[in-house]
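Let me begin by presenting the structure, written as structure tokens, before commenting on it.
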Amino acid sequence: MTQSTEKSEARFKAACRVMPGGAGSPVRAFQEVGGPPRFIARGSGAVLTDVDGHEYLDYVCGWGPLILGHADERVEAAVGKAAAKGCTFGAPTEIETQLAELVISRMPAIEMIRFVNSGVEAMLSAIRLARAFTRRDKIVVCEGCYHGCVDALLAEVGPGTAGPGVPSSPGVPRGAVADTLVVPYNDAEAATGIMGTHGSEVAAVLIEPMASSMGLIPPVEGYLETVRDLCDRVGALLIFDEITTGFRVSPGGAQARFGVNPDLTCLGTLVGGGLPVGAFGGARKVMELISPAGPVHPAGALSGNPLAMAAGVAALQALAEPGVYETLEKRSALLAEGLAAASSEAGVPVYQTRVGSMGGLFFTSQPVIDFATTSRCNAERYAQFFQAMLDRGVYLPPSPSECYFVSTAHEPEQIARTIEAAEEAFEVVAGKNPER
């Protein structure tokens, strides 16, 4: 069933001559799953079409923000209308205020917001703000959670299981992570220990309320509440990275779904309907330290640009229509149940996670709750499953460390086709149909 990928392969060779690795990230280059990456020509609804003319049911959804699917008419119309008036002004616009009001009305912990250009920029600005507000330097992050390519956040566990981090990438000096403490995700005891030792020095705890960069790992019961309580006790700020979860797992993000309010929230392309944008927001008393209201300096020439703002307004208005989240929940559950049945029938051990329209697929028979347990999953089996699904017209995340997404554009019959493809793909993994 191997597809012809002649044009994608030619495009990839050309890209490799002018871009490192031929793509914007190792994941996009299919580094973890093998084979040539597919070069996408267009997207519509739940379907991607590559340059070779192959169509795929897409469960990457732009890495999460395309909750309405590709080329949603409402978002496309809003962007076109805005572009006709000008792409950027470097000045305030009414649409920026409108999007700010929409976000604030839905996320319980946000009273004021600042738009920036990316999720990475939002994280960087939130850390700076937290340090200014608390007048402390140290930050706490969780092993395996990814918050963007900021030097201070590119840290991994040093000696032991928790404590001062060490650089996780060449080019990051030790001094950049000297104030970064790393603890395991979902480990309340480790968080309690680190805050007991360093609490008076900690400006903020940065956490994905649901880890999504080592597959989807939901918080264990009481974990987020414990971290919230620890921050309150020592006077540190709690920062939620909702770049992936914001508006996806509920109308108010993970903080609304789990009932735990952070002090600061970081958002990414979800807030801009899939266009390049970021935002961070929180309590008024914290946010008013931001320039020009206060002395903390984040700024960007394209911050709040009208195209992203218009797309964000259109997307959030569409998500407010009756039944949207109920539809997402039902269709995501249908897919997860079908995958579970298919893997069981083929005799392939798989551990699944799902919260709302996000899901994780781990090739292991053991529960996955943190970086250590996800690291023990069978990456080779995932790669085999990925390729078998790709051959059958289903585009999953090209990495075992990512989660999949369902959009409102995924119709029940498309989900049924995905499950049928999975039934065959699991047979391939089990060795019962060794086509590859």
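The values are calculated or read from the model by the stated rules, or taken from the named source; none is laboratory data. A quick note: this is a predicted structure, and the numbers were derived from the prediction, not measured. Positions of Cβ are generated from backbone atoms using ideal geometry, with glycine treated the same way; all protein chains shown enter the neighbour counts.
Quick notes
- Selection status of Leu319, closer than 21 Å to Gly69 by Cα, crowded, with 22+ Cβ neighbours inside 10 Å and among the aliphatic types (A, V, I, L, M): no
- Boolean, Arg136 is of a type in the set (D, E, K, R), surrounded by 15 or more Cβ atoms within 10 Å (Cβ to Cβ) and part of a loop (DSSP other than H, G, I, E, B): yes
Here's the yes/no breakdown for (1) surrounded by fewer than 24 Cβ atoms within 10 Å (Cβ to Cβ); (2) in contact with a His (Cβ under 7 Å, 6 or more places away or on another chain); (3) on the phi > 0 side of the Ramachandran plot; (4) of a type in the set (Lys, Arg):
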{"site": "Arg174", "(1), (2), (3), (4)": "yes, no, no, yes"}
{"site": "Ala204", "(1), (2), (3), (4)": "no, no, no, no"}
{"site": "Met210", "(1), (2), (3), (4)": "no, no, no, no"}
{"site": "Glu225", "(1), (2), (3), (4)": "yes, no, no, no"}
{"site": "Leu238", "(1), (2), (3), (4)": "no, no, no, no"}
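- Any hit, region 215-230, residues being free of Cβ contacts under 8 Å to residues at least 60 places away in the same chain, over 24 Å from the mean Cα position of the chain (by Cα) and either within 14 Å of Ile139 (Cα to Cα) or outside any loop (DSSP other than H, G, I, E, B) (or both): yes
- Each residue in region 251-283 was checked for being more than 25 Å from Glu329 (Cα to Cα) and aromatic (Phe, Trp, Tyr), and 1 pass.
- Which listed residue, of Glu32, Glu6, is buried (at least 17 other Cβ atoms within 10 Å of the Cβ) and touching a residue at least 40 places away in the same chain (Cβ under 8 Å): Glu32
- Pick from region 49-63, criterion closer than 21 Å to Ala416 by Cα and under 12 Å from the mean Cα position of the chain (by Cα), ranking: surrounded by the most Cβ atoms within 10 Å (Cβ to Cβ): Cys61
- Of the helices (runs of 4 or more DSSP H) that lie entirely inside region 351-436, those containing 2 or more residues that are more than 28 Å from Thr327 (Cα to Cα) and at pLDDT 95 or above span 379-391, 412-429.
- Boolean, Ala100 is out of contact with any Cys (no Cβ under 7 Å at 6 or more places or on another chain), buried (at least 20 other Cβ atoms within 10 Å of the Cβ) and in the same structural domain as Met309 (by TED's automatic domain parsing): yes
Conditions tested, residue by residue: (1) modelled with pLDDT of 95 or more; (2) within 20 Å of Gly281 (Cα to Cα); (3) of a type in the set (S, T, N, Q); (4) not in a strand (DSSP E or B).
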residue: Thr49; (1), (2), (3), (4): yes, no, yes, no
residue: Leu57; (1), (2), (3), (4): yes, no, no, no
residue: Glu121; (1), (2), (3), (4): no, yes, no, yes
residue: Leu124; (1), (2), (3), (4): no, yes, no, yes
residue: Ala132; (1), (2), (3), (4): yes, yes, no, yes
residue: Cys142; (1), (2), (3), (4): no, no, no, no
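- Each residue in region 63-101 was checked for being farther than 18 Å from Ala254 by Cβ and either in a helix (DSSP H, G or I) or without any contact (Cβ under 8 Å) to a residue 40 or more places away in the chain (or both), and 22 pass.
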